[in-house]
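The values are calculated or read from the model by the stated rules, or taken from the named source; none is laboratory data. All values reported here derive from a predicted model rather than from experimental measurement. Cβ placement follows ideal geometry from the backbone for every residue including glycine, while neighbour counts extend to all protein chains displayed. Note: areas computed on protein heavy atoms with side chains; ligands, DNA, RNA excluded. Shrake-Rupley method; radii C 1.70, N 1.55, O 1.52, S 1.80 Å.
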Amino acid sequence: MTFNDFLKEEQLSIARFARKLDICESTVTKWKYNDVIPRKEEMLKIYEFTNKRVSPNDFYGIQE
């Protein structure tokens with residue numbers, strides 16, 4: 001599942017997701033628009049928060 005698909009499915013705004021993970025909103029915006037890929041620590045937070053539905057591979061376009 002892509003990060004954007006997760007946000008849409010869970011009806012989460014960028015701001016709300018950022019607050020829940022205590023990450024800067026501008027950083028989450030960059031992830032959403034594929035401007036940057038999350039760092040290792042951030043990917044771990046995303047992976048855990050999404051119950052393993054969004055994995056690091058999803059940011060690289062790798063399908064399992």
Residues within the stretch 20-64 that are in a loop (DSSP other than H, G, I, E, B), within 9 Å of the chain's Cα centre (by Cα) and under 14 Å from Met1 (Cβ atoms), tallied: 3
Pick out the one residue from Lys20, Lys32 that is within 20 Å of Tyr60 (Cα to Cα), open to solvent by 50 Å² or more (accessible area, probe 1.4 Å), without any contact (Cβ under 8 Å) to a residue 60 or more places away in the chain and touching a helix residue (DSSP H, G or I) at 6+ places or on another chain (Cβ under 8 Å). Lys32
Exception for Val54 within (1) without any contact (Cβ under 8 Å) to a residue 24 or more places away in the chain; (2) open to solvent by less than 30 Å² (accessible area, probe 1.4 Å) falls at (1)
Being open to solvent by less than 40 Å² (accessible area, probe 1.4 Å), in a helix (DSSP H, G or I) and modelled with pLDDT of 95 or more is the requirement here; does Leu12 meet it? no
